[in-house]
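Data first, discussion second: the structure below is written as structure tokens.
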Amino acid sequence: MTDTPGIVITGGSGRMGQMLIKTVLASDKCRLVGVVDRAGHDWIGQDIGTAMGGQPIGVTVTDDALEAFAKAQAVIDFTSPAATVGFAELAAQARAVHVIGTTGLTDDDLAAIKAAARHAVVVRAGNMSLGVNLLVKLTQKVAAALDEDFDIEVIEAHHHHKVDAPSGTALMLGEAAAEGRGVNLNDVRDSGRDGITGARKRGDIGFTAIRGGDIVGEHDVMFAAPGERIVLRHLATDRAIFARGALKAALWGQDKGPGEYDMMDVLGL
Ligand code: NAD
């Protein structure tokens, strides 16, 4: 199996990093050839299998990204913006596909990543779940097919620790619905109804946020007309969905030319 792409996971000790390592090890379409973490982390120098509480697997955690990337056909990176910008340059030097799940990137960070993508394949998405990306596309298509007789409502539910509402994914869905209708979301957005709100305005896109317990993330897009309703729904129950999407992107990128891509490209949407 040495002809399958070699994958390096950065931030291997993180929540997503550990999930990515398990996902790569469970796949017969690729090999784990390296794990990188930040200098000074306890896991540097340890076998990753042992560090994660299992049997050794012969891959040692390193803080030398350049050396690790030289052996890789793809780098899957869910770390921090500062780390990701540095990794983008190193992955481009190594001509490895760079899959970026890191969020919170600034415009300057994005410009640096764009520069790296002149020499190598970069796949970046704020939500790597295949299902959510498909839902975004479906929402846009359904909104384009239906007129304003159909009221659009985005309903999301998350765990009780979440501090922002509506969720970033709910806003992505609202943007997709607005794009399908050919309107600007800011002109039709209706969030946070409470009290005597008056009747619903035709053409508005409404948002409702539910918060409770340990809900990982649920999103409904409802198109409600007199006499009928269409509901598009995505339920996330496990962060493994982000890891599976990232691995799919790493494999998809193997035969692509340099440039910046997203999950819509990976899914062929
Ligand atoms: P985490 O804090 O659990 O893990 C971050 C990891 O990055 C840690 O192992 C840390 O040591 C490592 N790291 C930090 N700086 C580093 C450096 N300079 N060099 C090497 N490693 C470094 O965080 P998490 O929950 O795993 O999330 C990581 C990122 O992924 C966040 O930006 C999060 O928002 C994003 N995320 C994206 C998606 C998606 O679908 N795109 C899904 C989940 C999380």
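The values are calculated or read from the model by the stated rules, or taken from the named source; none is laboratory data. Being a predicted model, the structure only gives us computed values, none of them experimental. Please note: Cβ atoms are built from the backbone with ideal geometry, for glycine as well, and neighbour counts cover all protein chains shown. Heads up: the accessible areas ignore ligands, DNA and RNA and are worked out on the full protein's heavy atoms, side chains in. Shrake-Rupley method; radii C 1.70, N 1.55, O 1.52, S 1.80 Å.
A few points about this structure:
- Coarse-grained scattering of the stretch 1-157 at q = 0.08, 0.10, 0.17 Å⁻¹, given as base-10 log I(q)/I(0) from a Debye sum over alpha-carbon atoms: -0.29, -0.43, -0.97
- Normalised contact order of the chain, rounded percent, pairs of Cα under 8 Å and 6 or more residues apart: 20 percent
- Cross-link pairs exceeding 31 Å between alpha carbons, from the set LYS29/LYS141; LYS141/LYS201; LYS22/LYS71; LYS141/LYS162: LYS29/LYS141.
- Taking every DSSP bridge with both residues inside the chain, close to 35 percent are antiparallel.
- Angle between the chain longest axis and helix 107-116 axis [Cα atoms, degrees, rounded to 10]: 50 degrees
- Of the two radii for the stretch 130-236, the radius of gyration is 0.95 times the Kirkwood radius, both from the alpha carbons; that is the Rg over Rh value.
- Note that the stretch 130-236 presents 54 Å² accessible area per residue, ligands and nucleic acids not counted, probe 1.4 Å.
- Sorted peptide list for 256-268, 8-20, criterion being average Cβ within 10 angstrom, highest first: 8-20, 256-268
- Added length on full extension, which subtracts the Cα-Cα distance from 0.36 nm per residue, LYS256 to ARG202: 15.0 nm
- Relative contact order of the stretch 130-236, defined on C-alpha pairs under 8 angstrom at six or more residues apart (%): 40 percent
- Calculated P(r) tail over 25 Å for the chain, as whole % of Cα pairs: 51 percent
- Across the accessible surface of the chain, with the other protein chains kept in place and a 1.4 Å probe, carbon and sulfur atoms take up 50 percent.
- Charge tally around LYS162: other residues with Cβ under 13 Å, Lys/Arg +1 each, Asp/Glu -1 each, net -3.
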